[in-house]
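One structure below.
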Amino acid sequence: TCAALAVAAPAAAQAVLYDCTVNQTSGPDGWVSTRLALVVDAQGAAQVVDSLTLQYYDGAVPARVRNRNGELRFNWSISNATDVRSSRIPTVSYFAWFTPETGAVRVRAKPAGYPQSMRGQGKCTTRENMNVRQRNRLLRG
């Protein structure tokens, strides 16, 4: 099951997608997506898709994932983003902490060169065997 995930998808072979709904809890709006997909394939490689990766990359971005005591920790970044004033932000680093056992997720966005960070939290459901087109359609929703 998902609780036994050791940074690899279950023996069912294809990727596991954690479909997350997130509420931003601090910082300027828009940097923590309300919808987030954390994807781990059968080999343990991870990707993340949200409204910002769809906006800047038209799809998923690679992520690092580690299992720490049953909590999956994802790390990814977005380069050359722009804020509401059209100011360029070279890099925004993202971190997500997901607990498969409870479905809880916490997200933090940290723009390079800025003192503040943005945070959110929410819940994820597990969806197995989704292809890229299904995943992107789900997130564009």
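For segment 80-88, 3J(HN,Hα) computed residue by residue from phi via the Karplus equation (6.51, -1.76, 1.60; θ = phi - 60°) reads 6, 7, 10, 8, 5, 9, 6, 7, 7 Hz, glycine and proline entered as x. Of the chymotrypsin sites (Phe, Trp or Tyr not before Pro) in segment 49-141, not one is in a loop by DSSP (not H, G, I, E or B) with at most 11 other beta carbons within 10 Å.
The Kirkwood radius of segment 49-141, taken over pairs of alpha-carbon atoms, gives through the Stokes-Einstein law at 25 °C and 0.890 mPa s a diffusion coefficient of 169 µm² s⁻¹. For segment 31-89, dividing the convex hull volume of the Cα atoms by the residue count gives 94 Å³ per residue. What net charge is computed for the residues neighbouring Phe74, neighbours being all others with C-beta under 12 Å from the C-beta of Phe74, Lys and Arg scored +1, Asp and Glu -1? Local net charge: +4. Summing charges over all other residues whose Cβ lies under 10 Å from the Cβ of Gly27, with Lys and Arg as +1 and Asp and Glu as -1, gives +2. If you plug the beta carbon distance of Leu54 and Ser79 into 1/(1 + (r/R0)^6) with R0 = 22 Å, you get a FRET efficiency near 0.90. Counting only protein heavy atoms and a probe of 1.4 Å, the accessible surface of segment 53-113 is 43% carbon and sulfur.
When you filter the trypsin sites (Lys or Arg not before Pro) in segment 33-97 for DSSP loop state and at most 11 other Cβ atoms inside 10 Å of their Cβ, you are left with Arg85.
The values are calculated or read from the model by the stated rules, or taken from the named source; none is laboratory data. Keep in mind that what you see is a predicted model, and the values were worked out from it rather than measured. Methodologically, a virtual Cβ is constructed for each residue, glycine included, from the backbone with ideal geometry; neighbour enumeration extends over all protein chains shown. Side chains included, ligands, DNA and RNA excluded: accessible areas come from the protein's heavy atoms. Shrake-Rupley method; radii C 1.70, N 1.55, O 1.52, S 1.80 Å.
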